[in-house]
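Working notes, structure below.
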Amino acid sequence: MERIIVSYEATLEKLGYEIEPADLDNGKFLQAVRAGDLIFTSGQISAWGGSEIKGKVGADVSVEEAYEAARYCALNNLRAIKALTGSLNQVHRIVKVLGMVNTAPGFDNTPAVINGCTDLLREAFGDAGQHSRSAVGMVVPFNWAVEIEMVVQVR
Amino acid sequence: MERIIVSYEATLEKLGYEIEPADLDNGKFLQAVRAGDLIFTSGQISAWGGSEIKGKVGADVSVEEAYEAARYCALNNLRAIKALTGSLNQVHRIVKVLGMVNTAPGFDNTPAVINGCTDLLREAFGDAGQHSRSAVGMVVPFNWAVEIEMVVQVR
Amino acid sequence: MERIIVSYEATLEKLGYEIEPADLDNGKFLQAVRAGDLIFTSGQISAWGGSEIKGKVGADVSVEEAYEAARYCALNNLRAIKALTGSLNQVHRIVKVLGMVNTAPGFDNTPAVINGCTDLLREAFGDAGQHSRSAVGMVVPFNWAVEIEMVVQVR
């Protein structure tokens, strides 16, 4: 019998992403909270590795840039999860994604934006990354292009 | 001792709705994911039986039309749930509804819209259909009039 | 060995708030539903003790007023939870807050608004009140300044 060891962290490294655990407490609220085997994350913003993606999507920010912004949000979600679990290998399943896009008037192709998050989760976690989701437009604080929160099941 | 058999599917048929299971995987994300005894659905749109309800509610779409649109969204949620459970009789409780209305500027009677979903759930599931909810306005993708996601407890 | 008895209700009274249980059923939907040890509340509005805070935040309503509005929403969430549990001392953990701010065009300091809710939860529940959250702008029904829903873990 062969036991297959999957390391999501190793996969993420191959994709070029090193996931450092977030500071869980920002002095006001927590980046993630666990209840039973579910983790509920705070809305994570579109900043990664010194790069910040801000602006109204469909006006200041293109769909391609916003897709990348959604990847940043996904990565920050992973940082928040790792802060609680110690390792992303504790992820059993990405359950639900709420993708919140900072839409310019008239822009409603929000799924194309949140696909950045969805694609990254599937690249990194395979079947365990397959999630349900909503991808909608609203006002995101401080003009971040995208904000994403998740529900994740852990071991 | 009498055992009362409730068939939500039979009730839905009496209401005129046949609920075929959704294709769970749209090639990108899943229409619903189960974690423990909870199902989290993806935001479901306002299309049913060949009819599509699109447009800004309060301008292009009347409250009455949007109420019907919310019923469509509810029905598509049931399709997503059935795809996971095999039968809607596995539903223990509709827990939570997030109703997202594609509002025109100045329109904020979003509860009257999401009542379409709420009423259908109570007609179909009785006490098990009584849920908590939020009904708010935002940008819904591709100009769908309404989008609704749910948390559902199953047996 | 000393057993420390924490009474969240007593703490809330010291803060000046008496939390009467909400009417759970408003005739249409429920203010909160329990599934396992999780409670999902309905979006609660910014009215408390005869005072109503309505209007677009950043135009009709100042950040300071909206901060107070978010406290009202938090208090109404506690009423909804108490209606299900009988006592707020049954709260194990405030898990997740979704803060929905009725934003005027151009206003995006939604975190400063939802801090009203966050601060109240931490004042009342201490460590058990530390939650994850998103704080975003959208259309809130009937022009309420703020609406907030929660996920709460109970004993």
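The values are calculated or read from the model by the stated rules, or taken from the named source; none is laboratory data. On a predicted model such as this, the values are computed, not experimentally measured, just so you know. Neighbour counts are summed over all protein chains in view; Cβ atoms, including those assigned to glycine, are modelled from backbone coordinates with ideal geometry.
Restricting to region C:129-141, give me the number of residues that are in contact with an Asp or Glu (Cβ under 6 Å, 6 or more places away or on another chain) and closer than 17 Å to residue C:72 by Cβ. Talk me through it step by step, then tell me what you get.
So the first thing to find is which residues in region C:129-141 are in contact with an Asp or Glu (Cβ under 6 Å, 6 or more places away or on another chain), and the list is C:134, C:139-141.
Imposing the further condition that a residue be closer than 17 Å to residue C:72 by Cβ reduces the set to C:140-141.
Adding up the residues that qualify gives 2.
Mind checking which residues of region B:59-81 are β-branched (Val, Ile, Thr) and part of a helix (DSSP H, G or I)? Write out each step before concluding.
Step one: of region B:59-81, the residues β-branched (Val, Ile, Thr) are B:61, B:63, B:81.
Residues satisfying the conditions are B:63, B:81.
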query = Can you name every residue in region B:19-37 that is within 16 Å of the chain's Cα centre (by Cα), over 9 Å from residue B:83 (Cα atoms) and more than 7 Å from chain A (Cβ to nearest Cβ)?
reply = B:19
key: Top-ranked residue of region A:118-155 - restricted to ones that are within 14 Å of chain C (Cβ to nearest Cβ) and among the aromatic types (Phe, Trp, Tyr), ranked as farthest from residue A:61 (Cα to Cα)   = A:142
ask   = Can you tell me which residues in region B:54-70 are touching a helix residue (DSSP H, G or I) at 6+ places or on another chain (Cβ under 6 Å), surrounded by 24 or more Cβ atoms within 10 Å (Cβ to Cβ) and within 30 Å of residue B:92 (Cα to Cα)?
value = B:66, B:70
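Looking at the structure I just gave you, is residue B:79 within 23 Å of residue C:44 (Cα to Cα), at pLDDT 95 or above, under 15 Å from the mean Cα position of the chain (by Cα) and surrounded by fewer than 24 Cβ atoms within 10 Å (Cβ to Cβ)? First the steps, then the outcome.
Numbers: within 23 Å of residue C:44 (Cα to Cα): no; at pLDDT 95 or above: yes; under 15 Å from the mean Cα position of the chain (by Cα): yes; surrounded by fewer than 24 Cβ atoms within 10 Å (Cβ to Cβ): yes.
Against the criterion (within 23 Å of residue C:44 (Cα to Cα), at pLDDT 95 or above, under 15 Å from the mean Cα position of the chain (by Cα) and surrounded by fewer than 24 Cβ atoms within 10 Å (Cβ to Cβ)), residue B:79 does not qualify.
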Residues satisfying the stated conditions in region C:82-117, i.e. within 14 Å of chain A (Cβ to nearest Cβ), crowded, with 19+ Cβ neighbours inside 10 Å, in a helix (DSSP H, G or I) and not polar (S, T, N, Q) = C:111, C:113, C:114, C:116, C:117
ask   = Taking the stated definitions as given, is residue C:128 under 19 Å from residue A:31 (Cβ atoms) and not in a strand (DSSP E or B)?
value = yes
remark   = Checked region B:1-53 for anything surrounded by fewer than 19 Cβ atoms within 10 Å (Cβ to Cβ), among the small types (Gly, Ala, Ser) and part of a loop (DSSP other than H, G, I, E, B); matches are B:7, B:16, B:27, B:36, B:49, B:50
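Let's see how each residue does on (1) more than 19 Å from residue B:76 (Cβ to Cβ); (2) modelled with pLDDT under 95; (3) touching a Ser or Thr at 6+ places or on another chain (Cβ under 9 Å); (4) not hydroxyl-bearing (Ser, Thr, Tyr):
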site	(1), (2), (3), (4)
B:106	yes, no, no, yes
B:114	no, no, yes, yes
B:117	no, no, no, yes
B:123	no, no, yes, yes
B:127	yes, no, no, yes
B:145	no, no, yes, yes
B:155	yes, yes, yes, yes
